[in-house]
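Only one structure is covered here, and it is reproduced in the block below.
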Amino acid sequence: MKVLVTGSTGHLGEALIRTLKSLHYEVIGLDVLPSPFTTHRGSITDRNFVKHCMAGVKTVFHTATLHKPHVATHSEQDFIDTNITGTLHLLQEAVAAGVESFVFTSTTSVFGDALIPPPGAPAAWITEDVVPVPKNIYGVTKAAAEDLCQLYYRNHGLACIVLRTSRFFPEEDDHPEMRDAYPDDNLKVNEYLSRRVEIGDAVNAHILAATRAPRPGFGKYIISATTPFQSDDMAALRTNTPQVLQRLFPDYLSAYQKNNWKMLPVIDRVYVNERARRDLGWQPKYDFRYVLDRLIAGEERESPMAKLVGIKGYHAQAFDAGPYPVK
């Protein structure tokens with residue numbers, strides 16, 4: 001089967017193409033940048049280029065986007081052109097080409113300010129039922145693109161699945177205070193409790209979404225590692241996360257102390273992947289227990305796929321404040 005992957009030079013795009021090729025798909029890789037995984041170089045803002053790439057395609061995996069780290073370096077119009085207009089072009093040409101399923105990579109960042117509970121409130125239990133409150137142009141444009149997917153399912157019958165992925169990037173954290181407070185591996189392992197997904201697990205979710213898309217026709221799913229917490233843990237997480245961890249993972253503290261690591265003092269939100277596991281049959285491998293066991297065994301945190309894809313960065317230039325610009 002012939003499939004199209006946008007954003008073929010990016011983390012997820014490359015990982016998807018590596019996996020799809022191993023499964024013997026014929027893959028068209030689209031990106032503005034060259035790479036070994038890009039077969040068609042150009043922009044999704046160019047509808048004629050998109051049309052050319054769409055010929056014979058049965059499934060579209062749309063991962064191309066301007067990301068949160070681009071907010072300080074790109075205009076709002078750039079975000080609208082790429083994240084909204086580019087998505088519209090892909091949907092239009094997918095309908096014209098008779099595409100059978102369209103998988104859109106969105107982000108948990110669409111939830112925006114809904115992720116932050118007020119002072120004194122429990123940590124936020126984030127499911128697909130939480131109403132997004134985007135807080136920047138990135139979130140606004142991704143939410144709008146999600147709505148376009150729903151529109152094209154409703155008006156044109158194009159089966160569209162939206163996957164709101166949590167963090168899978170291997171780069172350092174975009175908040176300097178977090179970079180200063182925690183070793184990078186320490187921070188990423190902590191995030192498997194509430195807001196990180198391993199890239200190979202994210203790839204599997206996308207492939208499952210493509211195969212399941214015709215059945216629901218449209219759906220939005222959170223793609224994040226399975227949290228060990230229950231909703232009744234939220235109050236305690238907001239006041240003393242290490243205490244909750246000691247109850248659930250009695251062996252975590254000695255492993256952390258051996259590596260001079262520390263747990264987050266509080267967690268303010270937890271992403272819940274129950275709907276994706278139920279509807280898509282998704283079974284993510286990497287969660288906090290799995291990664292903790294690797295740590296205890298002296299094994300590396302990263303998966304083989306994460307090592308293959310590696311660190312790419314989001315900008316060609318360096319910045320005085322660190323790996324990301326500040327706005």
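Points to keep in mind about this one:
- Length gained on full extension, A181 to D129, computed as 0.36 nm times the residue gap minus the Cα-Cα distance: 15.4 nm.
- Under 20 Å of direct C-alpha separation, and excluding same-chain neighbours fewer than eight residues apart, K51 reaches these lysines: K2.
- Rounded to two decimals, the Cα-based Rg/Rh of the chain, with Kirkwood Rh, is 0.96.
- Mean projected area in nm² (Cα convex hull; one quarter of hull surface) for the range 167-234: 6.2 nm²
- Most positive-pole-ward Cα, F102, G86, I44, against dipole of the range 44-175 from beta carbon charges: F102
- Applying 1/(1 + (r/R0)^6) with R0 = 41 Å to the Cβ-Cβ distance of L151 and A316 gives a FRET efficiency near 0.75.
- Residue order, fewest to most beta carbons within 10 Å, for T105, T38: T38, T105
- Angle between the chain longest axis and helix 199-212 axis [Cα atoms, degrees, rounded to 10]: 50 degrees
- Ranked packing of 238-244, 282-288, most packed first, by mean Cβ within 10 Å: 282-288, 238-244
- Rg over Rh [alpha-carbon atoms, Kirkwood Rh] for the range 213-327: 1.03
- Cross-link table K68/K312; K188/K285; K58/K285; K188/K312; K68/K285, entries beyond 22 Å C-alpha to C-alpha: K58/K285; K68/K285
- Bridge orientation summary for the chain: considering DSSP beta bridges with both residues in this region, about 5 percent are antiparallel.
Bear in mind these aren't lab numbers, they're just calculated from the coordinates by the rules spelled out. Note that this is a predicted model, so its numbers are computed, not measured. FYI the Cβ positions are ideal-geometry reconstructions off the backbone, even for glycines, and counts take in every protein chain you see.
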